[in-house]
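Comments concern the structure below.
Every number in this text was worked out from the coordinates using simple rules, so none of it is lab data. Quantities reported herein were computed from a predicted structural model and do not represent experimental measurements. Cβ sites come from the backbone with ideal geometry, for glycine too, and all protein chains shown count toward neighbours.
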Amino acid sequence: MRDSIIIDLTPARQWDTPVPCACRHLLWGPTSAWLAATICPPLGYDSEADEQRRHLTLQVIGEAVLSLPPDECDRVFPSLYLPVMEESNARALRPWRCYLPGPSWWQYRSRIRRLDTYITALIRQRWQQHCSGWQPEDPDLLDKILSSIQANKTAWSSKIEQQLCFEMKTFLLAGHETSAAMLTWTLLELCRNPELTQQVRQEAVQHLAEGACSVASIDRMAVTLACLKETLRRYSVVPVVTRKLLQDDELEGFQVPAGTYIACCLRAVHDLWKQPASWLPHRFLPGGEYESFDDDVRPFMFVPFIQGPRNCLGQNFSLLESRIVLGQLLSDFSFSLAPGVTHEPKLSVIPLAPANGLPVYAS
Ligand code: HEM
């Protein structure tokens, strides 16, 4: 079985059509080979594989936000960012860890400092470039924010620098593990569903073809998109969000005082659908269950990115990125699940991903 694992290079694809810069390296041949190599580890090597999927989405978001090349993302983030995220997740469930100055406490602090220093240096350097009249050819998110600071004639200060550093870290955090979890669950379901896999593969061949690929063509990958959305409904990778009430309020007839924390269970909303435990992407195709909801209810029946003024800024980016990754993988490889591995979610970490990883064979 192990011999069927593919780690070969596919021919590099040319890129000359407008897809956001950060998604481009997903279409390069080496990335395809890298994906295959990392997503298809030998059986029993699954925790490493999980990490590698996070590395890929980190590379994408690192390029989109800070124009970092993939190898620079690999050099910096796995050693600093990923352990910080792990400790933050651990602290969410075991808050006393914040107050116990053991080795992990010191490591956490030191990594955050190094991460802040690294990101702040990038911001400072980029600001100087902007001040010297430099015009980026392909502006990333940081460029866009700095241009707007310049246009508004806002005075530069250490406070702005710090705020930008926080914003960049938010993007890096919010923008990678979520997409990686969505991809993992979708691949799991597609491994169980050859017919849909074939449809996704056909869409990829048709719409990610060399020289013909654009945002418009990716938007025509309707079945692939439906698979990803159904994954977000079925698995609710962000199952809950919390809010603190700033003023007294009333909820379903109950008086709720200011200062109360409210947990909004997104997963409970997704369980209101018919056969909620089944993964049925056709719900999101024309004539499907999603369309059957009344207009005033529909936006609130599918809330993986929540709704309202603080909804997810990266939702379109994520679905675009993930259509490319899935399409690229399935047009080049066939996957099957490694036997004997269960796929329960790891409930202690958000976003939810399979506790035992997703070891698969590729051919
Ligand atoms: C499947 C992928 C994703 C899911 C399920 C997801 C889900 C969410 C959710 C539920 C929130 C609201 C959190 C809260 O208010 O407590 C959120 C916020 C956010 N997301 Fe995403 N996200 C995804 C991908 C991304 C990506 C790729 C990016 C960046 C490109 C991103 C950037 C953000 C940002 C910046 C916020 C904060 C918005 C604000 O507070 O105004 N997300 N996301």
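Which whole-number percentage describes the relative contact order of the range 167-292, with Cα contacts under 8 Å and a sequence gap of 6 or more? Intermediate values should be presented prior to the final figure.
Values: 123 pairs, mean separation 28.5, N = 126.
Computed value for the range 167-292: 23 percent relative contact order.
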Query raised in the report: Listing C264, C191, C131, C227 from the residue with the fewest other Cβ atoms within 10 Å to the one with the most, what is the order?
Result: C131, C264, C191, C227
Query raised in the report: Of the listed peptides 111-118, 132-139, 345-352, what is their order by residue-averaged count of other C-beta atoms within 10 Å, with the highest listed first?
Result: 345-352, 111-118, 132-139
Requested in this report: Pull up all non-local amide H partners of V256: gap of 5 or more, or a different chain, and H-to-H distance under 5 Å with H placed in the peptide plane.
Outcome: D249, E250, L251
Report task. Once you've got the GNM for the chain with C-alpha springs shorter than 10 Å, pick whichever of F293, F254, F166 has the biggest mean-square fluctuation. Result -> F254
Requested in this report: Taking only Cα atoms and a 10 Å spring cutoff, compute GNM fluctuations for the chain and point out the largest among S318, S334, S147.
Outcome: S147
Query raised in the report: About its Cα centre, how strong a charge dipole does the chain have in debye, to the nearest 20, once Lys and Arg get +1 and Asp and Glu get -1 at the Cβ?
Result: 940
Query raised in the report: Roughly speaking, what is the centre-to-centre gap between the range 141-206 and the range 245-312 when only Cα atoms are used, to the nearest Å?
Result: 22
Report summary line: D (µm²/s, integer) via Stokes-Einstein for the range 49-132, Kirkwood Rh across alpha-carbon pairs, 20 °C, 1.002 mPa s: value 151
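How big is the shadow of the Cα convex hull of the range 206-363, averaged over all directions, in nm²?
On the way: hull surface 49.3 nm².
One quarter of the hull surface, i.e. the mean projection, equals 12.3 nm².
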**Report entry** Rg over Rh, two decimals, the chain (C-alpha only, Kirkwood Rh)
**Finding:** 0.97
Query raised in the report: So what is the relative contact order for the chain, in percent, with contacts set as C-alpha pairs under 8 Å and at least six apart?
Result: 24
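Under 13 Å from the Cβ of T120, count the other residues' Cβ atoms, weight Lys and Arg +1, Asp and Glu -1, and hand me the total.
Details: positive: R113, R114, R124, R126, K159, K169; negative: D116, E161, E167.
Counting the neighbours of T120, the net charge comes to +3.
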Query raised in the report: What nm value, rounded to one decimal, do you get for the distance between R75 and M301 when each label is placed 7 Å out toward the C-beta?
Result: 5.0
Report task. Select from V65, V241, V215 the residue whose mean-square fluctuation is largest in a Gaussian network model of the chain (Cα-Cα springs shorter than 10 Å). Result -> V241
Requested in this report: Return the long-range amide H neighbours of V360 (sequence gap of 5 or more, or a different chain), with a cut-off of under 5 Å between placed amide H atoms.
Outcome: A338
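Looking at the range 205-255, what % of the alpha carbon pairs are farther apart than 14 Å? Provide the component values of the computation, followed by the final result.
Values: 898 of 1275 pairs.
Within the range 205-255, distances greater than 14 Å cover 70 percent of Cα pairs.
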Report summary line: Rh (Kirkwood, all Cα-Cα pairs) for the range 153-281, Å, reads 18.5
Report task. Provide the per-residue ³J(HN,Hα) series for the range 250-258, in order, calculated from phi with Karplus coefficients 6.51, -1.76, 1.60 and θ = phi - 60°, each as a whole number of Hz, with x at glycine and proline positions. Result -> 10, 10, 6, x, 9, 7, 10, x, 4
Report task. Divide the volume of the convex hull of the Cα atoms of the range 272-363 by its number of residues and quote the answer in cubic angstrom per residue. Result -> 150
Query raised in the report: For the chain, what are the DSSP H helices with axial Cα length of 30 Å or more and mean Kyte-Doolittle hydropathy of at least -1.0?
Result: 70-93
Query raised in the report: What's the Kirkwood radius of the range 105-184 in Å, using all Cα pairs?
Result: 14.2
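Among Y108, Y99, what is the fewest-to-most ranking by other Cβ atoms within 10 Å? All intermediate terms of the calculation are to be shown ahead of the outcome.
Working: Y108 19, Y99 8.
Neighbour counts put them in this order, fewest first: Y99, Y108.
Any idea what the dipole of the range 164-206 comes to, in debye rounded to 20, about its Cα centre with Lys/Arg Cβ at +1 and Asp/Glu Cβ at -1?
Values: 3 positive and 5 negative charges, 16 e Å.
Using only the charged Cβ atoms, the result is roughly 80 debye.
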Query raised in the report: If you line up the Cα atoms of the range 160-215 on their principal axes, what length do they span on each, largest first, in Å?
Result: 50, 31, 11
